[in-house]
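Encoded as structure tokens, the structure appears first; notes follow it.
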Amino acid sequence: MKHAGSVLLFAVLFWPMLVLAEGKPAITFEKEEHDFGSFAESLGMVTCTFTFTNTGNAPLLITNASASCGCTRPVFPKEPVAPGKSAEITVTFNPKGRPGAFRKNVYIYSNTEPSKTTLYIKGIVIPEEKKEHPEFAYAMGKIALKVRHLPFFEVYTDDPKKLSVEFVNNSRSPLTLSFDRVPRHLSVKQISESVAPGQIGLIEVTYNASKAKDWGIRRDEFYIRFPGEPNIIPGNTISVSADIREDYSKMSSEQKERAPKALLSENRIDFEKVQGTTPVEKIIKIQNNGKTNLQIRKVSNESNVVTAEVSRMSVQSGKTVDLKITVYPAKTKSKVLNHRIFVITNDPDHPTLSIPVFARFE
């Protein structure tokens, strides 16, 4: 009996300490709902923070967090939160395509009892104002354009080519555009004399390649000027690109028989491994196997790492000309060079010679 009494006394004295040693975490939030109020859909994603405290007497661990909708994303701390300490859960809501009032549930799972806590976010999304002409995506001053670049692709020297771009008048007055710094080979005009507010106008561009005095791929731009503007505004431009070519389709068989014939001594240039920053060069031959003079009209190169030069622009029948290709390793940040040089000639069968240039920099 004495032994049984001792056991009972031990239980009375030490049971509270054993319970305390098996303490539990508890999660208490400063608030369990956040109201975003009214905001525009165009504002994009919005974020709020829920602060909580571990009011228990054991480390608190959040094991997961999810939401009732894919538009809502909670982010929770991964480390345990000690008793008495606080931490935050952030919740982000994406309003895109979700106009009107909303209320979303966010579920927080932890090692507490109960293990699940529900938070709420709510608000009102003001929908984006629908544009009357959504296809006019490029705003420029008083107008919006469908495109800001006109690709003419192949343009022949004896055949002017036309393209146009539509615009909408977003001002409150009738609008007549003017155009500045137009290259001599381009003609630009507004088709209708005046475009009323909210109406669609047309800018027509004519490409006259014979006036360009150029060959191959060429890029240009011109400025749009609005009424009352004393100077051009940077950025108010439309860009134009074209590949200027000569039309050989009308040549007779006799003319083609007497035409020049361009032949390369090498069809590709590989510098292989280039060490250091010292420029390296190689020379290939362009031979004229035709019966009349070969005219090298242009050597096209759009890289500052590579230069290409010919010793002369005219090659007699049976003669050759040197094409010197130089690579400047100091001008590149890449480890590999993969470039093309274009030689434009009056050979009707091969008017453009494409020469790949390769190198590896070490």
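The values are calculated or read from the model by the stated rules, or taken from the named source; none is laboratory data. Bear in mind the structure is a predicted one, so any value in this text is a computation, not a measurement. So basically every Cβ, Gly included, is an ideal-geometry build from the backbone, and we count neighbours across all protein chains shown. We work out accessible area using only protein heavy atoms, side chains counted, and drop any ligands, DNA or RNA first. Shrake-Rupley method; radii C 1.70, N 1.55, O 1.52, S 1.80 Å.
Things to note:
- Efficiency of FRET between residue 69 and residue 182 - r from beta-carbon atoms, R0 56 angstrom, step 0.05: 0.55
- Residue ranking by accessible heavy-atom surface, 1.4 Å probe, largest first, among 69, 48 comes out as 69, 48.
- In this label model, residue 79 and residue 35 are separated by 3.6 nm, measuring between points 7 Å along each Cα→Cβ vector.
- Of the cross-linked pairs 256/298; 213/261; 250/282; 146/250; 162/250, those separated by over 29 Å at the C-alpha level are 250/282; 146/250.
- The GNM of the chain, with springs linking C-alpha atoms under 10 angstrom apart, assigns the highest mean-square fluctuation among 199, 275, 287 to 275.
- Candidates 325, 191, 121: whichever shows maximal mean-square fluctuation once the chain is modelled as a Gaussian network with Cα springs under 10 Å: 121
- Antiparallel DSSP beta bridges within the chain, as percent of all bridges there, nearest 5: 85 percent
- Label-to-label distance, nm, for residues given as residue 293 and residue 239 (7 Å Cα→Cβ offset): 3.7 nm
- Segment 194-272: equivalent-ellipsoid semi-axes (sqrt of 5 x gyration tensor eigenvalues, Cα, Å): 43, 21, 11
- Sites residue 314 and residue 285, calculated FRET efficiency, Cβ-Cβ separation with R0 22 Å, nearest 0.05: 0.90
- Kirkwood Rh and Cα Rg combined as Rg over Rh, evaluated for the chain: 1.30
- Per-residue SASA entry for residue 204, accessible area with 1.4 Å probe, Å² rounded to 10: 40 Å²
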